[in-house]
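The values are calculated or read from the model by the stated rules, or taken from the named source; none is laboratory data. These figures come from a predicted structure and were not determined experimentally. So basically every Cβ, Gly included, is an ideal-geometry build from the backbone, and we count neighbours across all protein chains shown. Ligands, DNA and RNA are excluded from the accessible area calculation, which covers all protein heavy atoms including side chains. Shrake-Rupley method; radii C 1.70, N 1.55, O 1.52, S 1.80 Å.
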Amino acid sequence: MEANVRESIAGGLKLGIMGGTFDPIHYGHLVAAETARVELGLDHVLFIPTGIPPHKTDRLITEANLRFEMVEMSIRSNQNFKVSRMEIERNGPTYTIDTLRILKDMFPNQELYFITGTDALKELLTWREPEEIIRLSRIVGASRPGYDSHSELGKIFQKFPFMKDRISRLEVPALAISSTDIRARVQNQKSIRYLLPDEVRLFIKKNNLYQTNKN
Ligand code: NAP
């Protein structure tokens, strides 16, 4: 991990880890991170854009450096938010367990909270070493309004009852915004203003992102 990021996080006791593809980052992600920070009393939230997601074969993912830049410009004004290149610089597919092991070694005294979308978490049992993921971190599933995360999480708890104490839900109304919808809007020349930071909107325009249906 970047030395400056490591230093800025080192003093805390509770570290939120915001894992996602962020293609692109939007206000739903930012509100989810801030809600988790406040509700769980996190010292910092570390955004970690994924490198090569192991499960995504259906569409082209925007180049990692561009996704990273969009996250970086979005969180700059919040001193509790940090971003790391640790996953995008790792070779091969990105596995969450590898990231958590590195962070636990680096910050042995901090409680880790892995925050991601509940609809990503419903696949948790198919991820590499799910039991170990839950041992190393508490999991926070951020859900969209109206999304039935109870039954999805129920399936996980049925298989591994001990996970009940380690996974919690966070309902985030702003997550009605989605990256998929933003990409479709750009492709269909619809407005994306007010769904994400203006700097990101201009960056998308300047770099001609999401113009084709390969996205
Ligand atoms: P995804 O399938 O692109 O996203 C699934 C859903 O969750 C989408 O609705 C997405 O909304 C939402 N979401 C994603 N990240 C979010 C966040 N941080 N906060 C709130 N909502 C979020 O999932 P992904 O982004 O590729 O992966 C999510 C995380 O799980 C990443 O850290 C990834 O590395 C990890 N993961 C690990 C494994 C493994 O270790 N084998 C497998 C899969 C995923 P938006 O589209 O609007 O973001």
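Some points to look at:
- Restricting attention to segment 27-41, the residues that are open to solvent by 10 Å² or more (accessible area, probe 1.4 Å) and either near the ligand (Cβ under 10 Å from one of its atoms) or in contact with a strand residue (DSSP E or B) (Cβ under 9 Å, 6 or more places away or on another chain) (or both) total 10.
- Only one entry of 85, 135 meets the criterion of being surrounded by 17 or more Cβ atoms within 10 Å (Cβ to Cβ) and either more than 12 Å from the ligand (Cβ to nearest atom) or under 17 Å from the mean Cα position of the chain (by Cα) (or both), and that entry is 85.
- Members of segment 1-26 that are surrounded by fewer than 19 Cβ atoms within 10 Å (Cβ to Cβ) and part of a helix (DSSP H, G or I): 3, 4, 5, 6, 7, 8
- Checklist (1) part of a loop (DSSP other than H, G, I, E, B); (2) modelled with pLDDT of 95 or more; (3) in contact with a Lys or Arg (Cβ under 9 Å, 6 or more places away or on another chain) applied to residue 86, failing item: (3)
- Residue among 164, 190, 159 that is exposed (fewer than 15 other Cβ atoms within 10 Å of the Cβ), in contact (Cβ under 8 Å) with a residue 12 or more places away in the chain and more than 21 Å from residue 45 (Cα to Cα): 159
- Test for residue 210: is it open to solvent by less than 60 Å² (accessible area, probe 1.4 Å) and under 19 Å from residue 73 (Cα atoms): yes
- Residue-level check: of (1) open to solvent by less than 60 Å² (accessible area, probe 1.4 Å); (2) part of a helix (DSSP H, G or I), residue 113 misses just (2).
- Residues in segment 88-109 that are within 12 Å of residue 46 (Cβ to Cβ), away from the ligand (no atom under 15 Å from the Cβ) and surrounded by fewer than 17 Cβ atoms within 10 Å (Cβ to Cβ): 106 alone.
- Subset of segment 157-173 (residues that are under 29 Å from residue 210 (Cα atoms) and modelled with pLDDT under 90): 171, 173
- The condition of being open to solvent by less than 90 Å² (accessible area, probe 1.4 Å) and more than 24 Å from residue 76 (Cβ to Cβ) holds for only one of 183, 169, that being 169.
- Residue match in segment 119-132 (condition: part of a strand (DSSP E or B) and either surrounded by 13 or more Cβ atoms within 10 Å (Cβ to Cβ) or away from the ligand (no atom under 11 Å from the Cβ) (or both)): no
- Scanning segment 57-77 for residues that are of a type in the set (S, T, N, Q), exposed (fewer than 14 other Cβ atoms within 10 Å of the Cβ) and part of a loop (DSSP other than H, G, I, E, B) yields 57, 77.
- Conditions (1) of a type in the set (Gly, Ala, Ser); (2) without any contact (Cβ under 8 Å) to a residue 24 or more places away in the chain; (3) within 15 Å of the ligand (Cβ to nearest atom); number of the one not met by residue 74: (2)
- Counting the residues of segment 147-195 that are part of a loop (DSSP other than H, G, I, E, B), of a type in the set (A, V, I, L, M) and away from the ligand (no atom under 11 Å from the Cβ) gives 1.
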